[in-house]
Amino acid sequence: MKLTEQLSKLKQTPEWDVIIIGGGASGLGTALDAASRGYKTILVEAVDFAKGTSSRSTKLVHGGVRYLEQGDISLVREALKERGLMAQNAGHLVKNQSFVIPNYNWWGGYFYTIGLTIYDMLSGKLSLGKSQYISKKKTIELLPTIEQKGLVSGVIYQDGQFDDSRLAINIAQTAVEKGACLLNYTKVVNLLKDDNNQVTGVQVENQETGELYELKGKAIINATGVFTNAIMKLNDKVYKKYIVPSQGIHLVFDKSFLPSDHALMIPKTSDGRVLFAVPWHDKIVVGTTDTLIKSHSLEPIALEKEIEFVLETAQRFLAKKPTRADVLSVFAGLRPLAAPEKEGKSTKEVSRSHKIIVSETGLITITGGKWTTYRKIAEDIINKAISTRNLPAKECVTEHISIHGNLKTTTADRKNHLYIYGTDIPKILELQNKEPELKQKLHPNYDYTLAEVVWSIRHEMARTIDDVLSRRVRLLFLDSRAALDSAEKVALLLAKELGHNEDWVKTQIQEFNELANGFLLTEFRTN
């Protein structure tokens, strides 16, 4: 996946079947679906692939235990099926994760065991394993740092865990392999319409060169997540709110706070939400919150009340009490929830299922949805494009398409940090052997090498320090201080590979430092 190849594809194609705006999970999935059906497909992303919500999830591939409680059986069943397919199609990134629910009252164990047995049954033959009731002794054995005071029993169940932005990059590569054209740093500045007010294409601007292009296409798909309303403004002067952005934050801690391969799940926090503490890349990710946000930005910042809530909850359930000083990184993401029909619904109650809207202009917009169901969402979008935009009917084939890098990994394989590259591992090792200086570590405390940085620039369209350290190598999300220390090395490699000068390097480092400060937890934050 190289930028030069994508740009020449862009220039050589006078008309597209499918134009997708937005390179998050839904957009990338749609590009793969459309290209694999044989449609001429292009996707444009204003910043980097998965820069927004799609790199800031809780890292779970799940049916949604909470949706089961809300009685949304069809959403749970659909998500559990997709969870199974993701594990088959991207085995290097999606793994089976066991979760333990600690119970501090006598009835909890029975209640959750019954609920989770239904959860298992709904997953059918794609089940990851049976849920079971476990004793207090066994709960402590599996979660050595769990708060023991008042503990009665536990329940263990299976779900999936993954690396979100790595999967996004691999889906992008798969779409390109199927013939799609994908461009990051290419922003839609206008929608093109004919005399009948029907959308016929988009005008885009290359964010690095300022060049403008007009792309003509049959089906135009708006998959911009929390930025949906901005595209709707271009589409129509009068429009209603299609998206309610809700913020979720995560705190990242050292593994010593939960030294276990099992994740912790708190089914009922003080405000009635679910909280997870999940092992991820040798750290613990704790979250999440659900806060309605009035305005949204590309770099959402965790609110003080959210940080306090996650810390207090973690302290209540862990014997080793994490404090602000222990937070290695804090990241916030915005969920593009479909706006409710009635005002005043809490974010907990707004459905997580997706909605596809076809405007009078013919623009197709996707709202809501979650990572786990990205493939199904894409299938629904292209089916909608076939029925409304004169695309020749072709069957969806993504159910069993292997995602770039797909390789079944074991727990032992995952001890090597390169496991996330799957079938590309030998190529990265070959790069290190050909250019021995690339064996050098990016940071003394981590195993990432300069070869991974160069790989991301040459084969994964990384253009900035942020692209590399946030979404190709996940260092900013795991340890913000280490990422800050590594910024200069990355900037110099980018400049060498992409032909930038010293001024560019200085600007890049300065911009990344500002961005990374949002991931640092200082003493007290004023929001």
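The values are calculated or read from the model by the stated rules, or taken from the named source; none is laboratory data. Model, not experiment: these values are computed from the prediction. Don't worry about glycine lacking a Cβ; one is built from the backbone with ideal geometry, like all the others, and counts go over all protein chains shown. With ligands, DNA and RNA removed, areas are computed over all heavy atoms of the protein, side chains included. Shrake-Rupley method; radii C 1.70, N 1.55, O 1.52, S 1.80 Å.
Pairs Lys11/Lys434; Lys51/Lys415; Lys95/Lys137; Lys81/Lys149: which are spaced more than 29 Å apart, C-alpha to C-alpha?
Lys11/Lys434; Lys81/Lys149
What are the radius of gyration and Dmax of segment 173-295, computed over its Cα atoms and given in Å?
Values for segment 173-295 (Cα only, Rg and Dmax): 21.2, 64 Å.
For the chain, what proportion of DSSP beta bridges, expressed in % and rounded to the nearest 5, is antiparallel?
80
On a C-alpha basis, how far is the centre of segment 38-98 from the centre of segment 379-416 in Å? Whole number, if you could?
11
Using a probe radius of 1.4 Å on heavy atoms only, what accessible surface per residue do you get for segment 174-314? Whole Å² is fine.
Value returned for segment 174-314: 40 Å² of accessible area per residue.
To the nearest 10 Å², what's Glu211's accessible area with a 1.4 Å probe?
Answer for Glu211: close to 90 Å² accessible.
Taking segment 180-239, how much of its Cα-Cα pair set, in percent, is spaced more than 12 angstrom apart?
71
Measuring with a 1.4 Å probe in the full set of protein chains, what accessible area per residue, in whole Å², belongs to segment 43-150?
Each residue of segment 43-150 exposes 42 Å² on average to a 1.4 Å probe.
How much of the accessible area of the chain, probe 1.4 Å, is carbon plus sulfur, in whole percent?
53
Hey, what number do you get for the chain at 222 nm if only DSSP H runs of n ≥ 4 count, each worth -39500 (n - 2.57), divided across all residues, to the nearest 500?
Computed ellipticity for the chain at 222 nm equals -10500 deg cm²/dmol.
Order 384-392, 19-27, 104-112, 430-438 from most to least packed using the mean count of other Cβ atoms within 10 Å.
Going by the mean number of other Cβ atoms within 10 Å, highest first, we get 19-27, 384-392, 104-112, 430-438.
Tell me the accessible surface of Met121 in square angstrom (1.4 angstrom probe, heavy atoms of protein chains only), to the nearest ten.
140
Largest first, what is the accessible-area ranking of Tyr67, Tyr242 with a 1.4 Å probe?
Tyr242, Tyr67
Can you pull the accessible area of Asp261 for me, 1.4 Å probe, Å² to the nearest 10?
110
Leaving out ligands and nucleic acids, and using a 1.4 Å probe, what accessible area per residue does segment 351-508 come to in Å²?
Dividing the accessible area of segment 351-508 by its residue count gives 43 Å².
Between segment 445-474 and segment 115-131, how far is it from one alpha carbon centroid to the other, in angstrom?
A separation of 37 Å, based on Cα centres.
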